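Down below is the structure, laid out as structure tokens.
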Amino acid sequence: MTKRILRVLAGEAIWPPPIWLMRQAGRYLPEYRALRAQAGGFLSLCLTPELAAEVTLQPVRRFGMDAAILFSDIFVLSWALGQGIEYRDGEGPVLPPIRDAKALAGLDIGRVEKAVAPVLETVQRVRAAVGEAALIGFAGSPFTMACYMVQGTGSKDFAHARAMAYGNPDLFDRLIDLVTEATILYLAGQIAAGAEAVMLFDTWAGLLSPSQFARHVTAPTRRIVAALRAAHPGVPVIGFPRLAGVSVGAFARASGVQAVALDTSADPRAAGLLVDQGVVLQGNLDPLAVVAGGAALEGETRAVLEGFAGRAHIFNLGHGIVPQTPPEHVAALVAQVRAA
Ligand code: CP3
């Protein structure tokens, strides 16, 4: 029997829709915090297959999610290319910024295969243990990766990266191209290791003008989708151009993704009109409604269910679960969706 999420990703509308949640593994779960403490640093947790596989499976066991999302981080790939990464408590990730040709020359796609081998082993282990849930692999999109790789830290506007895209387009294009090629290698490796679908997280896509969006979001996504489809036909790609607004329809059509994840600001019916019928929709409950719980969570969940009714839809959040989320609220959410 085909797994529920894979049926939806093949275009079938199922009621009630299957559910998984972005960042479903993580600090809001006590069992995650216990393993995280055991691993030492966060990067070593991502690179220790036994522990990363266990963390991946924790939310599937606890809540009966329809998918497991590989436990890793988008910066495993920039690290694999040769850029350092430090996760500082309370400060977020810090990377030595890439602002010139010399720094770019320090990255080497030849290192990637060996460096990501532990992640691919995690994928194999999870696939063997995941049961009825589907295993989703992932990477950051080239644009969102470039944002952090150039900026060096989190940011509200990624001004260094976006200024480079205008001021030194040749350098920025070369960075995007390198990350695009590395992402194809990495996701093809995840699929070969057992991932049944892959998702591209483009957290900062909404910062771009329409022309920059076409160049740095849609075009690299199209390259990744085409390369993966050639090597692994039938494995769906979920795009997540967060805060892309009305550009989401053109993004879906031009990139060729099989599914689009919508952020919380997207109206389900309006987005459904913009995105062609054949493209599956995922989303888009507000993560803060899950923090609140109770009647607010129930009402917002109902609105999401009704908003996507009749369409091939995967229930999810509009962005990742936040650390202060009570796990009982996640259990209540899953129960409500199952009972719909
Ligand atoms: O359960 C899952 O969804 C799988 C794991 C996952 C993580 N990061 C684990 C993580 C996934 C899919 C990501 C994607 C990711 N990472 C994105 C794109 C999606 C998004 O949320 O916008 C981005 C931009 C990152 C980069 C990143 N990693 C930041 C900004 C941070 C710091 C903020 C934070 O939440 O701590 C991280 C660290 C990180 N990635 C943690 C986890 C569980 C927390 C690390 C810890 O345990 O201390």
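The values are calculated or read from the model by the stated rules, or taken from the named source; none is laboratory data. All figures in this text were calculated on a predicted structure; none of them were measured in a lab. Cβ coordinates were reconstructed from backbone atoms using ideal geometry, including for glycine residues, and neighbour counts include every protein chain displayed. Only protein heavy atoms, including side chains, enter the accessible area calculation; ligands, DNA and RNA are left aside. Shrake-Rupley method; radii C 1.70, N 1.55, O 1.52, S 1.80 Å.
The residues in the stretch 29-43 that are exposed (fewer than 13 other Cβ atoms within 10 Å of the Cβ) and more than 11 Å from the ligand (Cβ to nearest atom) can be counted, and the count is 4.
I need the full set of residues from the stretch 54-75 which are closer than 22 Å to residue 185 by Cα, out of contact with any strand residue (DSSP E or B) (no Cβ under 7 Å at 6 or more places or on another chain) and surrounded by 23 or more Cβ atoms within 10 Å (Cβ to Cβ), in order please. Across the stretch 54-75, the qualifying residues are 71, 72. Restricting the stretch 326-340 to residues that are closer than 19 Å to residue 303 by Cβ and in contact with a helix residue (DSSP H, G or I) (Cβ under 8 Å, 6 or more places away or on another chain) leaves a set whose member that is farthest from the ligand (Cβ to nearest atom) is 340. Filtered by the rule that a residue be closer than 22 Å to residue 306 by Cβ, charged (D, E, K, R) and assigned to a loop (DSSP other than H, G, I, E, B), the stretch 1-18 gives a lone residue, 12. Just one of the listed residues (110, 92, 106) is modelled with pLDDT under 95 and closer than 29 Å to residue 167 by Cα, and it is 92.
Among the residues in the stretch 19-29, are any modelled with pLDDT of 95 or more, in a helix (DSSP H, G or I) and not charged (D, E, K, R)? For the stretch 19-29, residues modelled with pLDDT of 95 or more, in a helix (DSSP H, G or I) and not charged (D, E, K, R): absent.
On the stretch given as the stretch 52-62, residues that are within 20 Å of the chain's Cα centre (by Cα) and more than 10 Å from the ligand (Cβ to nearest atom) total 4.
Among the residues making up the stretch 14-28, those that are more than 9 Å from the ligand (Cβ to nearest atom) and over 20 Å from residue 263 (Cα atoms) are 14, 15, 16, 28. Within the set 306, 328, the sole residue that is over 18 Å from residue 58 (Cβ atoms) and over 22 Å from the mean Cα position of the chain (by Cα) turns out to be 306.
When residue 101 is tested against (1) among the small types (Gly, Ala, Ser); (2) out of contact with any Lys or Arg (no Cβ under 7 Å at 6 or more places or on another chain); (3) closer than 28 Å to residue 197 by Cβ; (4) more than 9 Å from the ligand (Cβ to nearest atom), only condition (3) is not met.
Conditions (1) free of Cβ contacts under 8 Å to residues at least 40 places away in the same chain; (2) in contact with a strand residue (DSSP E or B) (Cβ under 7 Å, 6 or more places away or on another chain), marked per residue:
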position	(1), (2)
302	yes, no
306	yes, no
315	no, yes
318	no, yes
324	no, no
335	yes, no
338	no, no
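For the stretch 288-323, taking the residues that are more than 16 Å from the ligand (Cβ to nearest atom) and either at pLDDT below 95 or not in a helix (DSSP H, G or I) (or both), the one that is nearest to residue 19 (Cα to Cα) is identified as 313. For residue 216, the criteria (1) closer than 17 Å to residue 80 by Cβ; (2) open to solvent by less than 10 Å² (accessible area, probe 1.4 Å); (3) more than 12 Å from the ligand (Cβ to nearest atom); (4) not hydrophobic (A, V, I, L, M, F, W, C) hold in every case but one, which is (1).
This table checks each residue for (1) at pLDDT below 95; (2) more than 15 Å from the ligand (Cβ to nearest atom); (3) closer than 25 Å to residue 159 by Cβ; (4) surrounded by 17 or more Cβ atoms within 10 Å (Cβ to Cβ).
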| position | (1), (2), (3), (4) |
| --- | --- |
| 78 | no, no, yes, yes |
| 81 | no, yes, yes, yes |
| 126 | no, no, no, yes |
| 135 | no, no, no, yes |
| 146 | no, no, yes, yes |
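Every test in (1) within 14 Å of the ligand (Cβ to nearest atom); (2) open to solvent by less than 30 Å² (accessible area, probe 1.4 Å); (3) outside any loop (DSSP other than H, G, I, E, B) is passed by residue 188 save one, and that test is (1). Selection of the stretch 227-254 for residues being small (Gly, Ala, Ser), under 17 Å from the mean Cα position of the chain (by Cα) and farther than 12 Å from residue 213 by Cα yields 239, 252.
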